[in-house]
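S.K.: What follows is a structure written as structure tokens; I'll ask about it next.
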Amino acid sequence: MTKTILTEIFTIPQAACDSTKANWQQVVQMISHQLETKFGEAVQVKHIEFMSGEWFEHSDAQQLIEKGDVNFPFVLVNGELACADKKINVSKINKSINNFLSS
């Protein structure tokens, strides 16, 4: 049986004033493609925007923000913090996924 690793990418809503830059949805699609290429069906990627319905269903992420432990964007892999840098660090996400797959 294959393990499924849930990778949740949390971002803030993006203003539509600069159409020349990639938006968060495009960034998440690119990262999702990279992860699916590397890990296949073992990984599931979700994009969750701040103040969305999914955001309000995710109390762990809310607590991380409220305590000041993270800022946007941040990534949870199976509920554990994978990266909370000023940008999304795919190498850190890969490492977290590998850790779950090898355990």
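S.K.: So, in region 69-103, of the ones that are of a type in the set (S, T, N, Q) and part of a helix (DSSP H, G or I), which residue ends up surrounded by the most Cβ atoms within 10 Å (Cβ to Cβ)?
M.R.: Within region 69-103, the subset of a type in the set (S, T, N, Q) is 71, 78, 89, 91, 94, 96, 98-99, 102-103.
Then keep just the ones that are part of a helix (DSSP H, G or I); that gives 91, 94, 96, 98-99, 102.
Details: SER91: 8, ASN94: 17, SER96: 20, ASN98: 14, ASN99: 14, SER102: 6.
Looking at residues that are of a type in the set (S, T, N, Q) and part of a helix (DSSP H, G or I), I get SER96.
S.K.: Which condition from (1) of a type in the set (S, T, N, Q); (2) surrounded by 15 or more Cβ atoms within 10 Å (Cβ to Cβ); (3) under 12 Å from the mean Cα position of the chain (by Cα) is the one that GLN29 breaks?
M.R.: Only one criterion in (1) of a type in the set (S, T, N, Q); (2) surrounded by 15 or more Cβ atoms within 10 Å (Cβ to Cβ); (3) under 12 Å from the mean Cα position of the chain (by Cα) is unmet by GLN29, namely (2).
S.K.: I'm checking my understanding of the structure. Among residues of region 40-68 that are under 21 Å from ASN23 (Cβ atoms) and of a type in the set (D, E, K, R), which one is surrounded by the most Cβ atoms within 10 Å (Cβ to Cβ)?
M.R.: For region 40-68, the residue satisfying everything is GLU49.
S.K.: Follow-up question, since we're still on this one. Pull out all pairs, ordered by first then second residue, where Cβ-Cβ is under 8 Å, the residues are six or more apart or on different chains, the first lies in region 64-80 and is among the charged types (D, E, K, R), and the second is part of a loop (DSSP other than H, G, I, E, B).
M.R.: Here the result reads ASP69/ALA84, each pair linking region 64-80 to a residue that is part of a loop (DSSP other than H, G, I, E, B).
Values in this text are rule-based calculations from the coordinates and carry no lab data. These numbers come from a predicted model, not from an experiment. Backbone-built Cβ (ideal geometry, glycine too); neighbour counts: all protein chains shown.
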